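**Q** Below is a structure I'd like to ask you about.
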Protein chains: 2
Amino acid sequence: MKIGFDAMGGDHAPVETVKGAVDALSLIEGEIVLFGDELKINKELSQYKYDQKRISVVGTTEVIENDDKPVKAIKRKSDSSMVVGMKALRKREVDAFVSAGNTGALLAGSLLKVGRIKGISRPALCTIYPTMSGASVLVDAGANAECKSRNLLEFAYMGSLYAERVIGINNPKVALVNIGAEETKGTPLYIETYQMLKETDLNFVGNVEGRDVPSGKVDVIVADGFTGNIILKLTEGVSLSIVKELKNQIVKNSIGKIAGLLLKRNLGDFKKQLDYSEYGGAPLLGVNGLVVKAHGSSNAKAFMNAIKYAYIGVESNLVAEITEKIKTMPAFEAPVENEEENE
Amino acid sequence: MKIGFDAMGGDHAPVETVKGAVDALSLIEGEIVLFGDELKINKELSQYKYDQKRISVVGTTEVIENDDKPVKAIKRKSDSSMVVGMKALRKREVDAFVSAGNTGALLAGSLLKVGRIKGISRPALCTIYPTMSGASVLVDAGANAECKSRNLLEFAYMGSLYAERVIGINNPKVALVNIGAEETKGTPLYIETYQMLKETDLNFVGNVEGRDVPSGKVDVIVADGFTGNIILKLTEGVSLSIVKELKNQIVKNSIGKIAGLLLKRNLGDFKKQLDYSEYGGAPLLGVNGLVVKAHGSSNAKAFMNAIKYAYIGVESNLVAEITEKIKTMPAFEAPVENEEENE
C-alpha cells in the first residue's frame, strides 16, 4: 500500500509534514509517497532515521496557496504537489492522498482530477467529532455550504459507512442535526431529508439537537456543510474558551495554584480528550479515491494521525464499500448534478 | 410599570414561577401581574412575605400545553394565561409579558394578538449569549427556521438596539455568522445579507466563524433561526459535557479529590459564568410590545432574571426605539410578508 502525502500543504510545511510522515511509519504498513519540493523535503528527511525504502519523494515545482482561487489553481498549477498527487491517486499509483492545503482546491481537484463515485452528486468532508463517550462522525463538515435533500441523503450513507468501517462502530446510529426532535421541525430541506432517511436501511434514529451533539448518543451527525462547519468550529471555540477560563480560575489565588499542580496529571488526560489533532484528518467522501483533508494548522502529530486514518480507510476498502452501498440508496438512479470532471 | 407574567408557563409552574415573581420584586420597581389559575397561584403566594400591593393576579381557566398546535391553541384557548396576558399587553394594561410556555404559541400569539412593529416582517428571538468576556447577543435564536436576507437585516437592527439599550454595550459590533471571513463565503442567503449589512449605519464588522462566537469579540451575532438555535444549544451541550468530564477527571483519584476540595470556591465562580439562568429570558423582538420567552425548564432564579431583563427592556423603551430605528433601515418601505394579525 502507498499513501500519497502533500508535503507542501498546511501552515507548517514542510517541517511538520515530513516529521509527521516519518512518525507515521510506526503506525502503518506500506509506504508513504511525498509530493513537493524535492530539495526541501530531502533536507527535512535527512534529519531523521527511518526505513528509507518506505518513504519516497515525487518532486513538484509549484504550490497551491491558501488564497489561490480553487478551480483556477487546479487548472493552472499542473505541477503543484496537490495536482500531481491527485493525478497519482487517479492512476492508482497511490492508494490515498492526504493534504492540508487549500480546502477549496482540494475539493475542486477531487472533482476535476479524481472524479466522483457513480451516484454521488457532491463529495462531503467527513470529520471525526470527539465526544465525551468516544467519537462520532460529522458529515458534511464544510465542503457544501448549500445543499439539497439528495446531498444530505448521500452524506448519511457515506458517514454511516465511515463510522462502521474506519471508526469501528457497529450498526452506527445516524441522526439529522435539527432544532427539535419532531420530524416536522426545521427548514423544508431538513423536513424532506427526514422523510427520505426514514425510507433507507440505515440505522436512522431521527433528529439530534445541538444540545445532544457532544454527548455521543448518536454516531453519525448529518448536516449541510454550512451548519456542519459551524458545529465543528463552535465546538472547538467553546472548548478552548472553557479551558482557558478554567485555567484563569485555577491560578487566580495561591490555593488554586496548589490545587492546579495536584491536578496536573488528571487534567492532562482531560486535555487529550479535547485534542483534535488525535484525529488529524477528514476524508472527502464520495470521491472515487481516498482524499483526506488535514487541518491547515496541523502539527506533526496531526499529520501522523491523518496518515494513520487514511491507511485504515484504504485497509477497510472504504471507497469500494461506498461505491457498492450507494447503489442501494433510494433514488440512486435520479439524475445527479453535472460537474466538469476528469478533464 | 407593570410586568405581566404567565404563571402557568414552563415545566415547574406555578411553584417556580410564583417564587421567581416574589424574588424579582427586590430587583425591579413597579408591579408584577400574574396570569393563571387563581387558586393555585394564591396558594403559592401565601407561602411568602412580600409587598402585596406589588403583585396582583388575573385569573384564567385554561393553559396552553407544550404539545398544543400553536395557532390553533391561540385561537381556541382564549381564556388561557398566555392569550389573556398578551391581550393585556396589546391594550397596554401591562408593559411587558414574560412566559416560559410553548414557544410556537408565544410566537403565534405575538403575531395574532399583539402585532408586529411596522417594517418588521418577522419577529425574532434575541438571546443573551454568555461569553468569556461578558455577554453577546444572538438573534435569531430559533423563531424562524427559514429566513430571507431581509429577515436577517431586521435581526441585525433589533439585536444591535438590544445590545445597546438593554445590555449596555456602546456601539455594538454586529457580525454575521458564517463559515469563513471573506464576504463571498457561505450560502447565497449569507452572501446577500453581507452586502445589505454593509450599506447600513450599523457597526457591521463582517463575518464571525463558529470558532470565534464564544470569544466575545463581536457583540451581536446574526443568524437564521435554524443556525442560531443550533449555536445556542450546542454551546450549552459542549459546556455541560466538558464540565461533567472535568468532574470525572478530578474525582478519579484521591489527589484529584483533595485538589477538587481546594478548588471548590474558584470553580463556583466558573460555574456561575456558564449559568444560563443568570440571563433567564429572550425577548421576541419585532413584536409591538415587549414579549419575553423564558426557558421551559426555568427555575425561580431564571424567572427572576427574565422579569429583571423585561423590566430593563421597558425602562429603556426598547420597543419604541426599534420602531424608530427600523425606519432608517434600507428597504424599509419594501413590502413585508403578510401574516394574519390582530384578529
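The values are calculated or read from the model by the stated rules, or taken from the named source; none is laboratory data. Quantities reported herein were computed from a predicted structural model and do not represent experimental measurements. FYI the Cβ positions are ideal-geometry reconstructions off the backbone, even for glycines, and counts take in every protein chain you see. Accessible surface is based on the protein model in full, side chains and every heavy atom, while ligands, DNA and RNA are left aside. Shrake-Rupley method; radii C 1.70, N 1.55, O 1.52, S 1.80 Å.
**Q** For the stretch B:106-185 and the stretch A:152-201, what is the separation of their Cα centres, given in Å?
**A** Rounded to whole Å, the Cα centres lie 30 Å apart.
**Q** Calculated from DSSP H runs of 4 or more alone, at -39500 (n - 2.57) each and per residue, what is the 222 nm mean residue ellipticity of the protein assembly as shown, nearest 500? Numbers along the way, then the final one.
**A** On the way: 22 runs with 276 residues, N = 686.
-12500 deg cm²/dmol, from helical runs alone.
**Q** Which ³J(HN,Hα) values in Hz, rounded to whole numbers, follow from the phi angles of the stretch B:98-113 under the Karplus curve 6.51 cos²θ - 1.76 cosθ + 1.60, where θ = phi - 60° and Gly and Pro get x?
**A** Here the 3J(HN,Hα) series is 10, 8, 9, x, 2, 4, x, 5, 5, 5, 4, x, 4, 5, 7, 9 Hz.
**Q** Please give the solvent-accessible surface of B:M132 in Å², to the nearest 10, using a probe radius of 1.4 Å with every protein chain present.
**A** Spelled out: B:M132, probe radius 1.4 Å, area about 50 Å².
**Q** Ok, one more. Roughly what % antiparallel, to the nearest 5, for the DSSP beta bridges in the stretch B:124-278?
**A** Values: 6 of 15 bridges.
Of those bridges, close to 40 percent are antiparallel.
**Q** Defining a contact as two alpha carbons under 8 Å apart and six or more residues distant in sequence, what relative contact order in percent does the stretch B:124-278 show?
**A** On the way: 237 pairs, mean separation 44.9, N = 155.
This gives 29 percent for the stretch B:124-278.
**Q** Along each principal axis of its Cα atoms, how long is the stretch A:1-150 end to end? Whole angstroms, biggest number first, please.
**A** 50, 45, 28
**Q** Per residue of the stretch B:221-238, in order, report the coupling 6.51 cos²θ - 1.76 cosθ + 1.60 (Karplus, θ = phi - 60°) as ³J(HN,Hα) in whole Hz, putting x for Gly and Pro.
**A** Along the stretch B:221-238, the couplings run 9, 9, 8, 5, x, 5, 5, x, 5, 5, 4, 4, 6, 5, 4, 4, x, 5 Hz.
**Q** Can you list residues whose amide H is under 5 Å from B:E31's amide H, if they're 5+ apart or on another chain and H is modeled 1.01 Å from N?
**A** Correct list: B:K2, B:I3.
**Q** Moving on. Only residues of the stretch B:89-103 count here: report those whose backbone N is under 20 Å from the spot 7 Å along Cα→Cβ of B:K327, or say none.
**A** none
**Q** Ignoring ligands, DNA and RNA, what accessible area per residue does chain A give at 1.4 Å, in Å²?
**A** Working: 13930 Å² over 343 residues.
Value for chain A: 41 Å² per residue.
**Q** OK, next. What does the charge count around B:N288 come to, taking other residues whose C-beta lies under 9 Å from its C-beta (Lys +1, Arg +1, Asp -1, Glu -1)? Before the final figure, lay out each step's value.
**A** Numbers: positive: B:R90, B:R116, B:K118; negative: none.
Counting the neighbours of B:N288, the net charge comes to +3.
**Q** Quick one: buried accessible area between A and B, total over both chains, 1.4 angstrom probe, nearest 100 Å²? Show your work: numbers first, answer last.
**A** Details: alone 16220 and 16240 Å², together 27890 Å².
Using a 1.4 Å probe, the pair buries roughly 4600 Å².
**Q** Next question. 7 Å along Cα→Cβ for the label point: how many nanometres lie between B:S316 and each equivalent label in the other copies, listed shortest first?
**A** Listed shortest first, these distances are 5.0 nm.
**Q** With a 1.4 Å probe and all protein chains in place, put A:E209, A:E315 in order of accessible area, largest first.
**A** Working: A:E209 40, A:E315 120 Å².
Largest to smallest exposure gives the sequence A:E315, A:E209.
**Q** Enumerate the amide H contacts of B:T131 below 5 Å, restricted to partners 5 or more residues apart or on another chain; note that Pro and chain-start residues carry no placed amide H.
**A** B:S136
**Q** Whenever you get a sec, compute what percent of the accessible area on the protein assembly as shown sits on carbon and sulfur atoms (1.4 Å probe).
**A** Details: 13810 of 27890 Å².
Taking all protein chains in place, the protein assembly as shown shows 50 percent carbon and sulfur surface.
**Q** When DSSP assigns beta bridges and you keep just the ones with both residues in the protein assembly as shown, what percent turn out antiparallel, to the nearest 5?
**A** Values: 24 of 80 bridges.
Roughly 30 percent of the DSSP beta bridges within the protein assembly as shown come out antiparallel.
**Q** Assuming R0 = 41 Å, what is the FRET efficiency of A:E199 and A:V71, from their Cβ-Cβ distance, to the nearest 0.05?
**A** On the way: r = 35 Å, r/R0 = 0.86.
For R0 = 41 Å, the calculated efficiency reads 0.70.
**Q** Considering only the other residues whose Cβ falls under 9 Å of the Cβ of A:V218, what net charge follows from Lys and Arg at +1 and Asp and Glu at -1? Provide the component values of the computation, followed by the final result.
**A** On the way: positive: A:K173, A:K217; negative: A:D212, A:D219.
It works out to a net charge of 0.
**Q** So, counting K/R as plus one and D/E as minus one, what does the shell of residues with Cβ under 13 Å around A:L89 add up to?
**A** Values: positive: A:K2, A:K87, A:R90, A:K91, A:R92, A:K113; negative: A:D6, A:E93, A:D95.
Net local charge, A:L89 excluded: +3.
**Q** Looking at chain A as a GNM with Cα springs under 10 Å, which of A:V243, A:V63, A:V71 has the largest mean-square fluctuation?
**A** Between A:V243, A:V63, A:V71, it is A:V243 that shows the largest mean-square fluctuation.
**Q** Further question on the same structure: Could you sort A:D11, A:D6 by accessible area so the largest value comes first, with the probe set to 1.4 Å?
**A** Details: A:D11 95, A:D6 5 Å².
Reading off the accessible areas and sorting them downward yields A:D11, A:D6.
**Q** What list of ³J(HN,Hα) values in whole Hz, one per residue of the stretch B:74-88 in order, does the Karplus curve 6.51 cos²θ - 1.76 cosθ + 1.60 (θ = phi - 60°) give from phi, with Gly and Pro shown as x?
**A** Result, rounded to whole Hz: 4, 6, 8, 8, 6, 10, 7, 4, 6, 5, 5, x, 6, 5, 4.
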